[in-house]
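Enquirer: Below is one structure. I have some questions about it.
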Amino acid sequence: MTKNLITINQFIKNSLGEWKSIRSTHSLAFQEVENSTSKIVIKELEIKNKNVVKLLEKYNLSSAPSVIALSISWEAISDWEMDQKIEEDETILLFLPKDKNKGIVLRNKGYAESIISSSEYFIDENDNLNIKTVYSSTISEERISFLSTHIRSRYSVIRNHDNNTVIQTSHTSEIRNISILKD
């Protein structure tokens, strides 16, 4: 008997909301560890949203009914810097499904390199979202898993594009802020 995989639409719907993130990043090249905490907000955007329209235009695409648009914003505090200042940013992601379990993600800002980027995604047999992005100098691989309804785990590996050596790894635990959920 084959298992019915979660669809990208279901995975995204389950990801919406506010999350507290606890992240440990290991820079293997410099043998350094960075720990950070963040507040992450994941919202679905309308296709007519000006940021979505701009991103579609950058890729020479017109609006399509199958596009799923997200905004991911965050406020982070890292132990990397002595002054412990809050870093804020936002990225727009457009999921373009090829079928219910795989497709392409377009971003206005990449994960490993802060440039416009395109990724491939698929949902594996364990309902994990896997995203692979090939940049000019690095390759980023991410796996996001739901450990329960309100707890996600995210793993990432960044490799050198030329020789495939691992540059950085990270693990993130994300806990949904259930106090703001509507009944």
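Enquirer: In segment 125-141, what count of residues is obtained for those that are in contact (Cβ under 8 Å) with a residue 40 or more places away in the chain and in contact with a strand residue (DSSP E or B) (Cβ under 6 Å, 6 or more places away or on another chain)?
Expert: Matching residues across segment 125-141 total 1.
Enquirer: While we're here: Would you mind finding the one in Ile68, Ile42, Ile72, Ile12 that is open to solvent by less than 80 Å² (accessible area, probe 1.4 Å), closer than 16 Å to Arg154 by Cα and touching a helix residue (DSSP H, G or I) at 6+ places or on another chain (Cβ under 8 Å)?
Expert: Ile42
Enquirer: So for segment 110-124 (the condition being open to solvent by less than 70 Å² (accessible area, probe 1.4 Å), of a type in the set (Asp, Glu) and touching a Ser or Thr at 6+ places or on another chain (Cβ under 8 Å)), does at least one residue qualify?
Expert: yes
Enquirer: Another question, if that's okay. Scan segment 142-156 for residues that are open to solvent by 40 Å² or more (accessible area, probe 1.4 Å) and free of Cβ contacts under 8 Å to residues at least 60 places away in the same chain and jot them down.
Expert: Arg143, Leu147, Ser148, His150, Ile151, Tyr155, listed by residue number.
The values are calculated or read from the model by the stated rules, or taken from the named source; none is laboratory data. Quick caveat, the model's predicted, so the values are computed rather than measured. Quick reminder, even Gly has a Cβ in these numbers, built from the backbone with ideal geometry, and neighbours come from all protein chains shown. Side chains included, ligands, DNA and RNA excluded: accessible areas come from the protein's heavy atoms. Shrake-Rupley method; radii C 1.70, N 1.55, O 1.52, S 1.80 Å.
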